[in-house]
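Nothing in this text is a laboratory measurement; each read-out follows from the coordinates by a stated rule. Everything numeric in this text was worked out from a predicted model, so none of it was measured. We place every Cβ from the backbone using ideal geometry, glycine too, and count neighbours over all the protein chains shown.
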Amino acid sequence: QFMAPTARRFELRTSRLVDDRKNLVAATRAAMDYLQKLHTQFGDWHLAMAAYNWGEGRVQPAVPRHRLAGLPADFTALAARMPLETRNYVPQIMALRALVANPGAAGATLPELPDGNPLVEVALGQDVDVALAMKWSGLPEKTLLAMNPAIKRPLILAAATPNLLMPEDAARRFEGGQAAHRGTTSTWSVVRLPATKHVDAIAAAYGAQAGAVREANDIPRGMKPVAGSVLLLPVAAAPGARADDAVVATAQ
């Protein structure tokens, strides 16, 4: 997973309410872009993978040092300078590549995969409770969240997750349910705290259980949310409502 500074370089948002590093589509695209950038930079896939794992700022200085000393500057020559994790990571990736390219050489048989994408994207028009998304799609919570790990339970924010991944039949059911639904789709809303308060006081003000507020916002026991914090709280939103994109992207 990208560290936050690298994530921002590749336009992956990280905040209290959104973490694009857990968005399967966005994170995969960013990883491919970064790997291609590293390959262009180092001209070698082994060094590109090492830089992806260890950090380009650590690999880059070692290359000219070796060349100035008249030494090889490939992965094998530089590996002694790298941590054990990276020394193992690159061969593991290359071994996996070789296995997929020619499984018979290793006495392995890979399962046949059907043509096409087993998952499709469905667009969210507004913020939607996870429970309602489960109802529309017919998917159990565990399956829905496994396909969409960026979701911050119990609410799916359209600004954070504009598209959901699911099997095609579930997508058809979801789109039908979303089109037919009348009334609010979210019983939780994004709220900016006007003052610093204990979670118990916040929960009492909104008629909620303190544990539910902590879980929805990843707040450890003993931590007091400060004024200006953005939280998910049990406030029913107007029909068709969605949290502001900028608020979601910068929530602390």
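Points to keep in mind about this one:
- Among the residues of the stretch 83-99, none qualifies, meaning not one is closer than 15 Å to HIS46 by Cα, over 28 Å from the mean Cα position of the chain (by Cα), of a type in the set (Lys, Arg) and surrounded by 11 or more Cβ atoms within 10 Å (Cβ to Cβ).
- Residue within the stretch 200-210 that is touching a residue at least 12 places away in the same chain (Cβ under 8 Å) and over 23 Å from VAL18 (Cβ atoms) present: yes
- Odd one out for THR86, checked against (1) among the polar types (S, T, N, Q); (2) farther than 30 Å from ALA50 by Cα; (3) in a helix (DSSP H, G or I): (2)
- Given (1) farther than 21 Å from ASP127 by Cβ; (2) touching a Gly at 6+ places or on another chain (Cβ under 8 Å), index of the condition ARG192 fails: (1)
- Failed condition for LEU231, given (1) hydrophobic (A, V, I, L, M, F, W, C); (2) in a loop (DSSP other than H, G, I, E, B); (3) crowded, with 21+ Cβ neighbours inside 10 Å: (2)
- Subset tally (residues that are touching a helix residue (DSSP H, G or I) at 6+ places or on another chain (Cβ under 7 Å) and either closer than 10 Å to LEU78 by Cβ or not in a helix (DSSP H, G or I) (or both)) for the stretch 31-43: 0
- Screening HIS66 against (1) closer than 30 Å to GLU112 by Cβ; (2) surrounded by fewer than 18 Cβ atoms within 10 Å (Cβ to Cβ) leaves a single unmet condition, (1).
- Exactly one residue out of VAL247, VAL230 is closer than 30 Å to ALA27 by Cβ and out of contact with any Lys or Arg (no Cβ under 6 Å at 6 or more places or on another chain): that is VAL247.
- Scope the stretch 3-26; condition hydrophobic (A, V, I, L, M, F, W, C), over 12 Å from ASN148 (Cβ atoms) and under 9 Å from the mean Cα position of the chain (by Cα); matching residues: LEU12, VAL18
- Boolean, GLY70 is over 30 Å from VAL120 (Cβ atoms), in a loop (DSSP other than H, G, I, E, B) and not aromatic (Phe, Trp, Tyr): yes
- The set of residues in the stretch 1-30 being without any contact (Cβ under 8 Å) to a residue 12 or more places away in the chain and buried (at least 16 other Cβ atoms within 10 Å of the Cβ) consists of THR14 alone.
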